[in-house]
Amino acid sequence: MIQRSITPKRRLIAHCFGLALAGAPGLFPALAAPEQFLPPAAPWHGASERLAVSATDPWATPSEKTGLIDSPNYDDTVAYLKRLVAASPLLALEEFGRSAQGRPLYVVIATQDAAHTPEALRASQRPTLLAQAGIHAGEIDGKDAGLMLLRDIAVRGRAGLLDRANFLFVPIFNVDGHERSSESNRPNQRGPVHQGWRTTAQNLNLNRDYLKADAPETQGMLALIHRWSPSLYLDLHVTDGLDYQYDITFGYNGDAESPAWSPRISSWLNAVYRPAAEAALKTAGHIPGPLVSERNEHDLSKGLVAGPMAARFSHGYGDLRHLPSVLVENHSLKTYRQRVLGTYVLLEASLDSLGAHAAELRSAIEADESARPASLPMNWTRGGGGSTNWDFLGVAFETYTSPASGRTEIRWLGTPKLYPRLPVTFGRAGIQLARPKAYWVPATKPEVISRLRAHGIRFESLPAARTARLEMYRLVDPQPQKAEGGTHPYEGRHTLQTKVKSESRTETFPAGSVRVPTDQPLGDLAMVLLEPESQDSFFAWGFFLETLQRTEYIEGYVIAPMAERQLAEEPALKAAFDKRLADDPKFAADPAARLRWFYERSKFYDDRYLLYPVGIERGGSE
């Protein structure tokens, strides 16, 4: 028997048709083609297919040369972009950062009048669309769609798309993860053949990093947003989870009936953007849908859950900083070709809608930037808020008992099924916190100050030490924060949650400290970052771990006789101690806790233990 070699062409064919490859490496050869285990793919044809050129076209993108079933590597992607830029004065390519492994992060600037600087874009008076692909590098549809659209703008007569709007395009955000490419990275996704990795070379998920900004890639993106001031921000993904008929879903905070930090912007997205984008997609043969997740992955009848999302995520961050932001999730079980073409249509429709309705959107942005709500919602919950019912274009399924898992599993059947009036629950704010006049961050926290600067938050640096009467927080029962399945370290940090107790103090802040006013467009962002009860605050992300450490103690042979004298000479203290003994048997049986009770009430106790070192200036402080 002659064993045939596994050529690249055979791999492409096998991937498309779900065939196992003889001779493929791996412990279990039957698992060599994961696609054979995916639910059936519904046949699809749409008007958007005319957007793809033939593989022999001189301007065919690297993906089009494979028939839109594979995606190029980083070097080939950049080489194609440089070729486009050299062919058209409408395009420029700029490096906006470096990855952890040192790869350049590129943004393409597409604009009329060679307006390829932030100053020129602002002077053009045209709004700017910023779209990024590959924040999760295995979800790379947006890159190949963007290359096709840029090609058509540059050399195929679609330059008119730039008449009323500018276009910034980041083809690959997570470039290191993109180069950790494999045919086996995302077995629950139908193509492309080669897929990148979800996280960066530092194993950080960039779509959890927008507030803490630990990754150099995130820092580059924050600088890009601050420098270029886009009017609309699209983050292009591919989703996992349940099967349904929609091939492209998208959403944002404030979508439908969900709450948002930027209510005027979300009203514009609901009234203008979504209807226009959905109409364009339907005309092109696609099925757009809402951004939702299932409440119970084994029982769709339990309903769906929708926004809002926390500011650690791209579109939550955009909502908080009053930048209209849309999360796009293509459906992983549709073919790569269908997903790429749908993304092209959405990008094109976004440019059209942005240009046609720039004035209304600018008014909405300015209204949200100038709002100064007395309190700010934080810590969005998953569900628990308002609810509604939607007709959901799903897919039929059956359940069975798996001998592998020992539980009931779902088998999607590929047959379209309407789920009428499926219950949908939105999230709500876990807490509301009052807006202070300003925060005071001590010079001893340079990493916090540098992150504030990276976000573009305005602050006053103190040239000399300054003493002020301020509110301060005492942390109450700080605990590890539960994040995605446990209290283990998360995204490279030990995350925390806490309650606080306010106290008034006279505090001296050394030179180099900063005062951060909340009366600024990014004042809401400053609040979420600097209020320790916020689940995405610097405290929650572990920037203040030193506050949990006690460094001075008192020995029992000192505190015990001291406490005995206090009990004899201070009736009020004795009454409080006796009550604690009666009310708390566990405390009464713990000698160390009893002595610590006295120590905490003595002048020898460290009064900075569990003191959050950021001052809070209310009206009338200082």
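Computed from Cα positions, the angle between helix 216-228 and the longest principal axis of the chain comes to roughly 80 degrees. For Leu242, the amide hydrogen comes within under 5 Å of the amide hydrogens of Glu294, counting only partners 5 or more places away or on other chains and with H modelled in the peptide plane.
Less than 23 Å apart at the alpha-carbon level, and either on another chain or at least 8 residues along: which lysines does that give for Lys143? Output for Lys143: Lys9, Lys65, Lys82, Lys282, Lys334. The dipole here belongs to segment 38-369: it is taken about the Cα centre, uses +1 on the Cβ of Lys and Arg and -1 on the Cβ of Asp and Glu, and is about 280 debye.
For the chain, DSSP calls about 75 percent of its internal beta bridges antiparallel. Working from Cα pairs under 8 Å separated by at least six residues, relative contact order for the chain is 12 percent. Helix 446-455 axis versus longest C-alpha principal axis of the chain: approximately 40°, rounded to the nearest ten. Backbone phi angles across segment 545-554, fed through the Karplus curve with coefficients 6.51, -1.76 and 1.60 (θ = phi - 60°), yield HN-Hα couplings of 4, 5, 5, 8, 9, 9, 10, 10, 9, 9 Hz in residue order; Gly and Pro are listed as x.
P(r) for segment 505-622, from all Cα pairs and a bin width of 5 Å, is 2, 9, 14, 15, 14, 11, 11, 11, 8, 4, 1, 0 %, short bins first. In this simple spin-label model, placing a label point 7 Å from the Cα along the Cα-to-Cβ direction at both Asp590 and Glu471 gives a separation of 3.0 nm. Based on every Cα atom in segment 215-353, Rg and the maximum pairwise Cα distance Dmax equal 15.1, 46 Å. Each stretch of four or more DSSP H residues adds -39500 (n - 2.57); spread over every residue of the chain, this sum gives -8500 deg cm²/dmol at 222 nm.
In this structure the amide hydrogen of Leu232, modeled in the peptide plane, comes within under 5 Å of the amide hydrogens of Thr128, Leu130, none closer than 5 places in sequence on its chain.
Working note: Karplus 6.51/-1.76/1.60 with θ = phi - 60° gives segment 145-159 the couplings 5, x, 4, 5, 5, 4, 4, 5, 5, 6, 9, 10, x, 9, 4 Hz, where Gly and Pro are set to x. The alpha-carbon of Lys574 sits under 20 angstrom from the alpha-carbons of these lysines, leaving out residues fewer than 8 places away in its chain: Lys586, Lys603.
P(r) tail, the chain: Cα-Cα pairs separated by more than 35 Å, 47% of all pairs.
How large is the Kirkwood hydrodynamic radius of segment 378-487, in angstrom, based on all distinct alpha carbon pairs? By the Kirkwood definition, the hydrodynamic radius is 20.6 Å. Taking Cα atoms only, the orientation of helix 571-583 departs from the longest principal axis of the chain by about 50 degrees.
Note that segment 446-503 shows a convex hull volume over its alpha carbon atoms of 133 Å³ per residue. The alpha-carbon of Lys445 sits under 12 angstrom from the alpha-carbons of these aspartates and glutamates, leaving out residues fewer than 8 places away in its chain: Glu546. Working note: Karplus 6.51/-1.76/1.60 with θ = phi - 60° gives segment 133-138 the couplings 10, x, 5, 10, 6, x Hz, where Gly and Pro are set to x.
Out of every Cα-Cα pair that segment 464-535 contains, those further apart than 14 angstrom amount to 72 percent.
Here the translational diffusion coefficient of segment 365-439 follows from Stokes-Einstein with Rh set to the Kirkwood radius across Cα pairs; for 37 °C and 0.692 mPa s it amounts to 194 µm²/s.
When the Cα atoms of segment 38-369 are aligned to their principal axes, the ranges along those axes come out at 54, 49, 42 Å in descending order. What fraction of the Cα pairs in segment 322-458, stated in percent, has a spacing above 22 angstrom? It works out to 71 percent of all Cα pairs. Size check on segment 556-599: the Cα extents along the three principal axes, sorted descending, read 23, 22, 11 Å.
None of the figures in this text is laboratory data; all of them are computed from the coordinates on show. Just so we're clear, the structure is a prediction, and the values are computed from it rather than from any experiment. Neighbour counts are summed over all protein chains in view; Cβ atoms, including those assigned to glycine, are modelled from backbone coordinates with ideal geometry.
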